[in-house]
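Let me begin by presenting the structure, written as structure tokens, before commenting on it.
The values are calculated or read from the model by the stated rules, or taken from the named source; none is laboratory data. Being a predicted model, the structure only gives us computed values, none of them experimental. Note that we place each Cβ from the backbone using ideal geometry, even for glycine, and neighbour counts take in every protein chain shown. The protein model used for the area step is the full one, side chains on, heavy atoms only, and it has no ligands, DNA or RNA in it. Shrake-Rupley method; radii C 1.70, N 1.55, O 1.52, S 1.80 Å.
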Amino acid sequence: MDTTRCMIPVAKSPQDYQAFKISPGDTNRLAIVFDTASANISLTICVEIFDIGGKTPPNRHQMAVEMFFILSGEGRAICDGKTVAIRSGDSVLVPPTGTHMIENTGSTRLYALCIMVPNEDFAELIRSGTPVELDAEDLAVLRRLPAPVLC
């Protein structure tokens, strides 16, 4: 083992995540898990949270590969005109330059772990948005606790 390259691991919990809406009218928000500021590596890892009916605007990346792992909920992924249904446990890999979007088609929020490599200014775009708080439902999903009873 090469101990000269060993780094102290960075550990975070859901209460440490900073969440943002990129634009005020967005129906999704992103909670940054790790990014270039915290990991000193050109990647962004976040949890993307979609309200019921929420979706990302169609977007594309010049060099980055983006992967979504669906943590909870159901929806659809669209890339370059191809549509696939997604639900908990599914993964979606978007190649560079693929025009894509994720949409929540379910009756609950949709949660997706999103990994982008390289960062391609994604973390900076997220952080330029409006800070928002994660609520009890978000924290329950991220901690895998029973969902709170909503009246």
Please enumerate the residues belonging to the stretch 120-133 that are open to solvent by 30 Å² or more (accessible area, probe 1.4 Å) and either in a strand (DSSP E or B) or among the hydrophobic types (A, V, I, L, M, F, W, C) (or both). 125, 130, 131, 132
Condition test on residue 70, is it β-branched (Val, Ile, Thr), within 23 Å of residue 13 (Cα to Cα) and in contact with a Lys or Arg (Cβ under 8 Å, 6 or more places away or on another chain)? yes
Can you spot a residue in the stretch 10-22 that is closer than 21 Å to residue 117 by Cβ, in contact with a Cys (Cβ under 7 Å, 6 or more places away or on another chain) and crowded, with 16+ Cβ neighbours inside 10 Å? no
Find the strands (runs of 3 or more DSSP E) located wholly in the stretch 1-119 whose residues include 1 or more that are among the aromatic types (Phe, Trp, Tyr), and list them. 18-21, 28-34, 44-50, 65-72, 110-117
Residues satisfying the stated conditions in the stretch 90-109, i.e. open to solvent by less than 60 Å² (accessible area, probe 1.4 Å) and closer than 10 Å to residue 68 by Cβ: 90, 92, 94, 100, 102
Hits in the stretch 37-67 (condition: open to solvent by less than 30 Å² (accessible area, probe 1.4 Å) and aliphatic (A, V, I, L, M)): 39, 47, 49, 64
For residue 75, state whether it is farther than 16 Å from residue 20 by Cβ and touching a strand residue (DSSP E or B) at 6+ places or on another chain (Cβ under 6 Å). yes
I'd like the full set of residues that are open to solvent by 50 Å² or more (accessible area, probe 1.4 Å) and at positive phi, limited to the stretch 68-80. 80
All but one of (1) closer than 15 Å to residue 138 by Cβ; (2) at pLDDT 95 or above hold for residue 77; state the number of the condition that does not hold. (1)
All but one of (1) open to solvent by 80 Å² or more (accessible area, probe 1.4 Å); (2) more than 22 Å from residue 65 (Cα to Cα) hold for residue 83; state the number of the condition that does not hold. (2)
